[in-house]
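The values are calculated or read from the model by the stated rules, or taken from the named source; none is laboratory data. Just so we're clear, the structure is a prediction, and the values are computed from it rather than from any experiment. Cβ: placed from backbone, ideal geometry, glycine included. Neighbour counts: every protein chain shown. For the accessible areas, the whole protein counts, side chains as well, though only heavy atoms, and no ligand, DNA or RNA atoms are used. Shrake-Rupley method; radii C 1.70, N 1.55, O 1.52, S 1.80 Å.
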Amino acid sequence: DAKTTQPTSMDCAEGRAANLPCNHSTISENEYVYWYRQIHSQGPQYIIHGLKNNETNEMASLIITEDRKSSTLILPHATLRDTAVYYCIVSPALIKAAGNKLTFGGGTRVLVKP
Amino acid sequence: KAGVTQTPRYLIKTRGQQVTLSCSPISGHRSVSWYQQTPGQGLQFLFEYFSETQRNKGNFPGRFSGRQFSNSRSEMNVSTLELGDSALYLCASRRNTGYNEQFFGPGTRLTVL
């Protein structure tokens, strides 16, 4: 699986948008970008995933550059409950071939401040 | 719909003992994965089961094993416990679709003394 690079930590003001960058310069054409987050003392939580196009759901938006070498997760209106470690993961699309494995890096520790 | 459940939530063992952790996936999910999380190594993949068969395995010693039952419930076992096995063990399940959207349980916190 392609490796990802994320900032170690970042702060965000409550109510403002949080933009979390991720670099995945070695991503293959059949690999998706996934974002998970882990709130303290809980299991990781799936947020969103994408291949080429930008994606949006009720939790966040995912912007993937045209060359697919980087992406940005956007939390439109950060709340204190969004304080967590956010993981950017690249995973093959063919789950049957690769199995279920998620390769977690260090993630970005996001602190939302009042 | 109930989420992924793991039992027990906390466990204290001593070196040399063995331990069995249990995971019940979301109803209808047939794929179950296990992960170990430690402060030093972060989240690491242990193994994955689908339809009672191990489909993928991480880089862990043979002391770590698992199995899946016909109702998709899964167990993992660690034999001859070492201090370094102290960790949060997380179970995740997902539907067998083309995407890697996994649903994690709260984990079992294992402490080895």
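Which loop-located GluC sites (Glu not before Pro) does the stretch B:1-110 contain, where loop means any DSSP state but H, G, I, E or B and the Cβ has at most 13 other Cβ atoms within 10 Å?
Qualifying residues, ordered by number: B:52, B:82.
Where in chain A lies the longest segment free of trypsin sites (Lys or Arg not before Pro) that are both loop residues by DSSP (not H, G, I, E, B) and have at most 15 other Cβ atoms within 10 Å?
A:70-114
With just the Cα atoms of the protein assembly as shown, tell me how far they stretch along each of the three principal axes, in Å, largest first.
49, 39, 34
Only four residue types carry charge here, +1 at the Cβ of Lys and Arg and -1 at the Cβ of Asp and Glu. Report the dipole size of chain B about the Cα centre in Debye, rounded to the nearest 20.
160 debye
How much length is gained if the chain between residue B:111 and residue B:57 is pulled fully straight, taking 0.36 nm per residue apart and subtracting their Cα-Cα distance, in nm to one decimal?
This chain segment gains 17.1 nm when fully extended.
Measure off, as a whole percent, the carbon and sulfur share of the 1.4 Å-probe accessible area of chain B, all protein chains present.
In chain B, the share of accessible area belonging to carbon and sulfur is 48 percent.
Taking the alpha-carbon centroid of each part, what is the distance from the stretch B:41-69 to the stretch A:1-37 in angstrom?
Here the two parts' Cα centres lie 26 Å apart.
Per DSSP H run of n ≥ 4, the term is -39500 (n - 2.57); total these for chain A, divide by its residue number, and report the mean residue ellipticity at 222 nm rounded to 500 deg cm²/dmol.
Mean residue ellipticity at 222 nm (helix-derived): -500 deg cm²/dmol.
Would you please give the FRET efficiency between residue B:14 and residue A:39, computed as 1/(1 + (r/R0)^6) with r the Cβ-Cβ distance and R0 = 45 Å, to the nearest 0.05?
Once rounded, the FRET efficiency stands at 0.90.
Any number yet on Rg/Rh for the stretch A:1-102, C-alpha, Kirkwood?
A ratio of 0.96.
For the stretch B:1-49, just say rounded, prolate or oblate: build the C-alpha gyration tensor, square-root its eigenvalues into a ≥ b ≥ c, call rounded for a/c under 1.5, and beyond that prolate if a/b exceeds b/c, oblate if not.
In terms of gyration-tensor shape, prolate.
Roughly what would the spin-label model give for residue A:113 and residue B:22, points 7 Å off Cα along C-beta, in nm?
With each label point 7 Å from Cα toward Cβ, the separation is 4.6 nm.
Considering only B:50, B:89, B:65, whose Cα is most displaced toward the positive end of the charge dipole of the stretch B:50-93, charges sitting on Cβ of Lys, Arg (+1) and Asp, Glu (-1)?
It is B:50.
Which pairs break 32 Å Cα to Cα here: A:69/B:57; A:52/A:101; A:113/B:13?
Where the Cα-Cα span goes over 32 Å, the pairs concerned are A:113/B:13.
Across the Cα atoms of chain B, what radius of gyration and what greatest pairwise Cα-Cα distance (Dmax) are found, in Å?
Computed over the Cα atoms of chain B, radius of gyration and Dmax are 13.3, 41 Å.
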